[in-house]
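The values are calculated or read from the model by the stated rules, or taken from the named source; none is laboratory data. What you are looking at is a predicted structure, and each value in this text was computed from that prediction instead of being measured. So basically every Cβ, Gly included, is an ideal-geometry build from the backbone, and we count neighbours across all protein chains shown.
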Amino acid sequence: MAEGRPEEKSISSGGDSISNKSISNGGGDSISNKSISNGGGDSNSNKSISNGGGDSNSNKSAPPPRIHTKEKSVRYGGDSNCLRIHTKEKFPIFSNSLFQLNGELNLGIGAPYIKAMTKHSSSDTSTRLGVGVEYCRDKKIRYNVRGKKVFPVTADGLIGLNIKGRYDAVHDFREINFIGAAELTWKIFNANKERDLWLKFGFDVTNMIPYFQIRQYKWTFNANENHRWEVRYDL
């Protein structure tokens with residue numbers, strides 16, 4: 001659902017500005033493949049106890065511990081034809097929750113963008129909810145609430161359907177906007193030189209604008225019907 005700058009609201013995949021209205025995915029920032037260990041040592045579910053017949057009494061294994069992560073990228077296009085430096089950090093809170101900080105500096109005009117958000121996901125990571133606050137380039141503070149529901153289309157999970165929604169409000173709540181979108185995603189293993197390829201085709205139901213994203217290795221390209229585009233390279 002750009003992870004987006006609400007002053008020019010655009011659909012993106014992780015804060016990437018694409019159209020005049022946006023749903024961030026925060027780079028789409030998934031918390032599905034990380035989790036926090038409870039700090040209490042090994043749990044019984046982590047261990048296999050043989051009953052003599054080769055069967056294990058527990059078929060559960062503990063997910064890998066959630067750790068603090070930091071990402072950096074260089075971006076061009078979107079709402080301005082200027083080079084931008086973007087950084088994102090994730091701090092684990094609970095097993096299915098994290099605190100995320102985003103910062104961006106527009107090298108053309110020197111304007112900063114800062115976002116702080118708390119994200120929570122269901123145990124199967126198919127439902128995600130985020131609540132946050134943003135300081136935008138227009139020097140306004142905005143509050144937002146966003147949600148995402150993932151529906152697998154194929155049994156292997158390589159093709160899925162995302163339903164996304166977001167509410168934005170200026171600090172005095174005089175401006176309140178809703179953005180909604182539906183996305184079809186497709187992951188192709190080893191598409192090129194053993195590197196996976198991600199494709200996303202979305203539709204902004206609020207503004208009736210289709211958009212798409214293609215991502216491979218460190219490169220991401222976003223575009224929509226209004227000829228707005230953005231290129232991102234992960235450092």
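Out of curiosity, is Ile114 part of a loop (DSSP other than H, G, I, E, B) and among the β-branched types (Val, Ile, Thr)? Criteria not met by Ile114.
Would you point out which residue out of Phe189, Phe151, Phe173 is touching a Gly at 6+ places or on another chain (Cβ under 7 Å) and more than 22 Å from Ser80 (Cβ to Cβ)? Don't jump to the end; show me each part of the working.
Values: Phe189 fails: touching a Gly at 6+ places or on another chain (Cβ under 7 Å); Phe173 fails: touching a Gly at 6+ places or on another chain (Cβ under 7 Å).
Step by step, each of Phe189, Phe151, Phe173 is checked, and only Phe151 is touching a Gly at 6+ places or on another chain (Cβ under 7 Å) and more than 22 Å from Ser80 (Cβ to Cβ).
Among the residues of the range 88-95, is there at least one that is modelled with pLDDT of 95 or more and among the polar types (S, T, N, Q)? Checking the range 88-95: not a single residue is modelled with pLDDT of 95 or more and among the polar types (S, T, N, Q).
If you check Ile214, Ile209, Ile176, which single one turns out to be buried (at least 16 other Cβ atoms within 10 Å of the Cβ) and β-branched (Val, Ile, Thr)? Let's see the steps before the verdict.
Numbers: Ile214 fails: buried (at least 16 other Cβ atoms within 10 Å of the Cβ); Ile176 fails: buried (at least 16 other Cβ atoms within 10 Å of the Cβ).
So the residue among Ile214, Ile209, Ile176 that is buried (at least 16 other Cβ atoms within 10 Å of the Cβ) and β-branched (Val, Ile, Thr) is Ile209.
Taking the numbered list (1) modelled with pLDDT under 95; (2) under 26 Å from Leu197 (Cα atoms); (3) part of a strand (DSSP E or B) in turn, Phe151 passes all entries but (1).
A quick yes/no check of all residues on (1) modelled with pLDDT of 95 or more; (2) over 25 Å from Gln100 (Cβ atoms); (3) among the hydroxyl-bearing types (Ser, Thr, Tyr); (4) assigned to a loop (DSSP other than H, G, I, E, B):
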{"site": "Arg146", "(1), (2), (3), (4)": "yes, no, no, no"}
{"site": "Leu161", "(1), (2), (3), (4)": "yes, no, no, no"}
{"site": "Trp186", "(1), (2), (3), (4)": "yes, yes, no, no"}
{"site": "Phe189", "(1), (2), (3), (4)": "no, yes, no, no"}
{"site": "Trp198", "(1), (2), (3), (4)": "yes, no, no, no"}
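Of all residues in the range 214-235, those satisfying the criterion of being within 20 Å of Leu83 (Cβ to Cβ) and either part of a strand (DSSP E or B) or acidic (Asp, Glu) (or both) are Arg215, Trp219, Thr220, Phe221, Asn222, Ala223, Trp229, Glu230, Val231, Arg232, Tyr233, Asp234. Between Gly165, Gly202, the distinction of being more than 22 Å from Ser73 (Cβ to Cβ), part of a strand (DSSP E or B), modelled with pLDDT of 95 or more and under 16 Å from the mean Cα position of the chain (by Cα) belongs to Gly165 only.
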